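*Asks:* Right, I'll just put the structure down here and ask away after.
The values are calculated or read from the model by the stated rules, or taken from the named source; none is laboratory data. All of these numbers come straight from a predicted model, not from anything done at the bench. Backbone-built Cβ (ideal geometry, glycine too); neighbour counts: all protein chains shown. Each accessible area value is taken on the protein alone, full model and side chains, heavy atoms only, with ligands, DNA and RNA left out. Shrake-Rupley method; radii C 1.70, N 1.55, O 1.52, S 1.80 Å.
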Amino acid sequence: MRVAVIGAGVIGLSTAQSIYEQYHSTVSPLTIEVYADQFTPLTTSDGAAGFWQPYLYDKGNVQETKWNKETFDYLLSQLSSPESVKMGIFLQSGYNLCNEHAPEPSFKDTVLGFRQLTERELQMFPGYIHGWFNTALMVEGKSYLPWLMDWLQKRGVKFYHRKIESFKEVAETGADVIINCTGMRSGALQPDPDLKPGRGQIVKVDAPWLKHWIITHDFTAGTYNSPYIIPGSRLVTVGGVFQLGNWSEQNNSTDHKKIWENACQLEPSLKHARIVEDWSGLRPSRSKVRLERETIKSAAGPIEVIHNYGHGGFGLTIHRGCAEEAARLFGQIVEQKGKGPKARL
Amino acid sequence: MKTVRVAVVGAGVVGFSTAVCIAEALPICSVTLLAEKFSPDTTSDVAAGMVLAEVFPDIPLERQRRWFKDGFDHLLDIAQSEHAPEAGVLLTSGCQIFKEVPAEMKPFWSDIVIGFRNMTDLELKRFPNHKFGQAFTTLKCECSIYLPWLEKRFRKAGGRVEQRKVNSLQELSNNFDIIVNCTGLGSRTLVGDNQVHPIRGQVFKMEAPWLKHFIRDGDGMSYIYPGIHSVTVGGTKQVGDSRLQLDQGDSKSILERCRKLEPSLRKAKVLEPVGLRPGRRSPRVEKELVELRGRQVPVVHNYGHSGWGVSFAWGTARDALGLVRQCLHEMPLQAKL
């Protein structure tokens, strides 16, 4: 079977990994090729802080909650592996702060040591009346993606630096299955009015005395439209904005000012932090993740596509669960095409 | 009113904390800090500076609580302010784990640190050799940064600093009206206190910026304390051992024990200092009148904090300040005119 993955962000690479893990011993030959116009460190996944945390509420998307949990459990199990540092995985604790009372988040039983904030902790953050403390995981794209590429390359996966203009173009190379992990730019391959950019801008600073993430929630302003501070292994990511419909990937000085002022109010010690760089990215936002099969009719015959895009601001958080599910869908196609283990008798 | 000349001997965390307290609170005093060694060559510089405590046997628990709380509140204020990085103070979360369930499940400082709770079973899974654990948020005070910051504060309050080895209280009695002794291990010879003994500690400073939590084994022997620029990994507790050289056997033992707690340490780079904790059953925080060159000179002692100098520095400094105030009240009237 020939599998063509379009997209080399965390979704594309981890899907390739799951397909390889689950099928390389039963489907032979299994050729996996990854096509992308951007590779690490230039993907959306690279710009993200690398913090595992879903949106507070899943709005009934129980599948997504399940995939988030699977990802957390998977990353947790990788912590003790000798590769954990190279993978960019580590534990970090911190504070979720709300300006009004709010029900407990969907991830409360997934993360470690989840609890309400004590009075004294709330006093540390004037203006916030409610919140939670827990230990979560970090998975830094700038380390994780190179590690994934290396893992895949060692197993014979080939990478092609190319902008794909259509599914047909990939089908013509002889691919049996196409995995569409094109994130923000899926609309160019197949129009999707539900997919919109959720523009984010961050400031990266040198502040190694900060050891906790702080995420504030403003229910009127909306998710990620209120300050957050997320220390990484080298630099601290300070945000946030979430501008739905804004396609600009240029850094905006008004956004910078607002982000910086709000963050310094939240964490006064930032005043003395050295600013290293700004970055803007487009979260591939959708009402829910598109993770499904589609058989596309074309002049050359049916094209099997598995869509895996629209992960908003939680791609790293949900990647493994989605990758495993995409691999499962791939398995269905393998069965249908008679290419499974039975076919080799 | 005549200026009262105060000498504070010792430039570790206890010395500078005490000097700052006195200089800021008592304008009638002119304070001079004298010491042979300054940061980065003090015992405090080797310390990770974690605010934690064990119970001292001879001090009423209420007093220890007060010391701990004063210190914690003082450092928390700094940690939350814009001065945190220049003072070297940060908030740090993590856990203390025990191989057997301890007799004392809630130490006296559990309600002073932040968010103290028992660890969940899922959290304990990372430590298969440990049955019980406590998670909390406390403070870390890095003396290589904190001491220079305290010195700035001390000078701003009018304090003077002199680099000089003080061999006897006698040699100070001509120029000073009150002597405050914060010489840690040095008190063994300076005031002849043979209860003071070195407790050797060897640590590593490692580069592992992905580590954000502290881990401490309740036996106090193995710990991993992430700091601003490095992670302190240790340690040893060798009573009566005053070797300042590195011990290869200790190095091996520390790395083995700590890598079990945190496997990713295998990927970290290393530097290795050694320090001698000023061991004593309990810190000596009290005043006495000492006959020096025919005069009765008030001496305030503040030494013997063992491995808990950073945790108790500010609290004992406040007590020492109170004792200095008492000395001022008790001084013969003529001297104060």
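*Asks:* Looking at segment B:4-336, send over the antiparallel percent of its DSSP beta bridges, to the nearest 5.
*Replies:* Percent antiparallel among DSSP bridges in segment B:4-336 is about 65.
*Asks:* Taking every pair of distinct Cα atoms and averaging 1/r, then inverting, what Kirkwood hydrodynamic radius in Å comes out for segment B:197-331?
*Replies:* 17.2
*Asks:* Another one. Using the structure shown, select from B:165/B:287; A:66/A:337; A:86/A:154; A:66/B:260; A:204/A:271 the pairs with a Cα to Cα distance greater than 25 angstrom. Mind showing how you got there, number by number?
*Replies:* Values: B:165/B:287 22 Å; A:66/A:337 29 Å; A:86/A:154 16 Å; A:66/B:260 32 Å; A:204/A:271 13 Å.
Check vs 25 Å cut-off fails for A:66/A:337; A:66/B:260.
*Asks:* Let me ask something else about it. Per residue, what volume in Å³ does the Cα convex hull of segment A:207-250 take up?
*Replies:* Hull volume normalised by residue count: 81 Å³.
*Asks:* Considering every residue in A:90-102, what mean count of other chain Cβ atoms within 10 Å of its Cβ is obtained?
*Replies:* 2
*Asks:* Kindly write out, for segment A:225-230 in residue order, the coupling ³J(HN,Hα) from the Karplus curve 6.51 cos²θ - 1.76 cosθ + 1.60 (θ = phi - 60°), rounded to whole Hz, with x marking Gly and Pro.
*Replies:* Working through the residues one at a time gives 9, 8, x, 9, 10, 10 Hz.
*Asks:* In Å, what is the Rg of the alpha-carbon atoms in segment B:43-93, and how long is Dmax?
*Replies:* Cα radius of gyration and Dmax of segment B:43-93 are 12.8, 38 Å respectively.
*Asks:* Using a 10 Å cut-off around each Cβ of peptide A:122-129, what is the average number of partner chain Cβ atoms that fall inside?
*Replies:* Working: counts 0, 2, 6, 1, 0, 0, 0, 0.
For peptide A:122-129, the averaged partner shielding equals 1.
*Asks:* Still on this model: Based only on the alpha carbon positions, what is the Kirkwood hydrodynamic radius of segment B:259-313, in angstrom?
*Replies:* Working: mean 1/r = 0.0662 Å⁻¹.
Across segment B:259-313, the inverse of the average 1/r is 15.1 Å.
*Asks:* Between the alpha-carbon centers of segment A:1-26 and segment A:305-322, tell me the distance in whole angstrom.
*Replies:* Each part's Cα centre sits 13 Å from the other's.
*Asks:* Run the helix sum for chain A: -39,500 (n - 2.57) per DSSP H stretch of 4+ residues, divided by residue count, reported at 222 nm to the nearest 500 deg cm²/dmol.
*Replies:* -9000 deg cm²/dmol
*Asks:* Sticking with this one: With only alpha-carbon atoms in the gyration tensor, what are the semi-axes of the equivalent ellipsoid for segment A:197-345, in Å, largest first?
*Replies:* On the way: eigenvalues 351, 61, 31 Å².
Values for segment A:197-345, descending: 42, 18, 13 Å.
*Asks:* What helices does chain A have that are whole DSSP H segments, at least 27 Å long along their own axis by Cα, and with mean Kyte-Doolittle hydropathy of 1.0 or more?
*Replies:* TM-like helix candidates: nothing returned.
*Asks:* Something else: Using a 1.4 angstrom probe, figure out how much accessible area segment B:27-132 has per residue, in square angstrom, rounded to the nearest whole.
*Replies:* For segment B:27-132, the solvent-accessible area averages 45 Å² per residue.
*Asks:* What are the residues whose amide H is under 5 Å from the amide H of residue B:235, where those residues sit 5 or more places off or on another chain and H is modelled from the backbone?
*Replies:* Close amide H contacts, sequence-distant or interchain: B:222, B:223.
*Asks:* Quick one: pull the percent of accessible area on segment B:216-337 belonging to carbon and sulfur, 1.4 Å probe, ligands and nucleic acids left out. Provide the component values of the computation, followed by the final result.
*Replies:* Working: 2900 of 5530 Å².
The computed percentage sits at 52.
*Asks:* Report P(r) for segment B:81-221: all Cα-Cα distances, bin width 10 Å, range 0 to the bin holding the largest distance, values in whole percent.
*Replies:* Here the calculated profile for segment B:81-221 is 8, 25, 28, 24, 12, 3, 0.
*Asks:* Enter the accessible area per residue of segment B:169-259 (Å², integer; probe 1.4 Å; all protein chains in place).
*Replies:* Accessible area per residue: 38 Å².
*Asks:* So what is log10(I(q)/I(0)) for the protein assembly as shown at q = 0.06, 0.10 1/Å, when the Debye sum runs over its Cα atoms only?
*Replies:* Summing over Cα pairs of the protein assembly as shown leads to -0.42, -0.95.
*Asks:* Additional query: Between residue A:128 and residues 5 or more places away or on another chain, which pairs have amide H atoms under 5 Å apart, with H built 1.01 Å from N, and which residues are they?
*Replies:* none
*Asks:* What are the radius of gyration and Dmax of segment A:162-211, computed over its Cα atoms and given in Å?
*Replies:* Cα-based Rg and Dmax for segment A:162-211 come out at 17.8, 54 Å.
*Asks:* What is segment B:4-336's relative contact order, in percent, from Cα pairs under 8 angstrom and six or more apart in sequence?
*Replies:* 25
*Asks:* How far is it, in nm, from the label point at residue A:295 to the one at residue B:110 when both lie 7 Å from their Cα along the line to the Cβ?
*Replies:* With each label placed 7 Å out from Cα toward Cβ, I get 6.3 nm.
*Asks:* Oh, and also: Based on the Cβ-Cβ distance of residue B:244 and residue A:257, what FRET efficiency does E = 1/(1 + (r/R0)^6) give at R0 = 60 Å, to the nearest 0.05? Before the final figure, lay out each step's value.
*Replies:* Values: r = 52 Å, r/R0 = 0.86.
That gives a FRET efficiency of 0.70.
*Asks:* Check which residues have an amide H placed less than 5 Å from residue B:164's amide H, if you skip close sequence neighbours.
*Replies:* Long-range HN contacts for residue B:164: B:35, B:36.
*Asks:* Between A:69, A:297, A:271, where does the largest GNM mean-square fluctuation fall for chain A, given springs only between Cα atoms within less than 10 Å?
*Replies:* Largest GNM mean-square fluctuation: A:297.
*Asks:* Right, another one. Distance in nm between label sites at residue B:77 and residue B:101, each 7 Å beyond Cα in the beta-carbon direction?
*Replies:* The modelled label-to-label distance comes out at 4.1 nm.
*Asks:* Quick one: the Cα spread of segment B:195-237 along its three principal axes, in angstroms, biggest first?
*Replies:* The principal-axis extents, from largest down, are 41, 20, 12 Å.
*Asks:* Give me the distance in nm between label points sitting 7 Å out from Cα along the Cα-to-Cβ direction at residue A:163 and residue A:276, one decimal.
*Replies:* Reported label-point gap for residue A:163 and residue A:276 is 3.0 nm.
*Asks:* Here is a further query. HN-Hα J couplings of segment A:208-222 from phi, Karplus 6.51/-1.76/1.60, θ = phi - 60°, integer Hz, Gly and Pro as x?
*Replies:* Each residue's phi maps through the Karplus curve to give x, 7, 8, 10, 10, 8, 9, 10, 9, 10, 10, 6, 7, 6, x Hz.
*Asks:* In chain A, how does Rg compare with the Kirkwood Rh, expressed as the Rg/Rh ratio over alpha carbon atoms?
*Replies:* For chain A, the value is 0.99.
*Asks:* Over all directions, average the projected area of the Cα convex hull of segment A:51-142 and note it in nm².
*Replies:* The Cα convex hull of segment A:51-142, projected and averaged over all directions, gives 6.8 nm².
*Asks:* Taking Rh as the Kirkwood radius computed over C-alpha pairs, what is the Stokes-Einstein D of segment B:4-336 at 37 °C in a medium of viscosity 0.692 mPa s, expressed in µm² per second?
*Replies:* 160
*Asks:* A further question follows. Report the Cα centroid-to-centroid distance between segment A:143-164 and segment B:1-51 in angstrom, as an integer.
*Replies:* Using only Cα atoms, the two centres lie 58 Å from each other.
*Asks:* Hey, which lysines would be in cross-link range of residue B:106, C-alpha to C-alpha under 19 Å, not counting anything within fewer than 8 residues on its own chain?
*Replies:* B:69, B:131
*Asks:* Per 0.36 nm of contour for each residue apart, how much would the distance between residue B:270 and residue B:117 grow if the chain were fully extended, relative to their Cα-Cα spacing?
*Replies:* In short, 51.8 nm is gained.
*Asks:* Rounded to the nearest 5, what is the percent of antiparallel bridges among the DSSP beta bridges in the protein assembly as shown?
*Replies:* Values: 87 of 131 bridges.
That works out to approximately 65 percent antiparallel.
*Asks:* Could you compute how much accessible area chains A and B hide from each other, both sides summed, with a 1.4 Å probe? Nearest 100 Å² is fine.
*Replies:* 2800
*Asks:* In whole angstrom, how far apart do the alpha carbon centroids of segment B:72-95 and segment B:239-314 sit?
*Replies:* Distance between centres, Cα-based: 22 Å.
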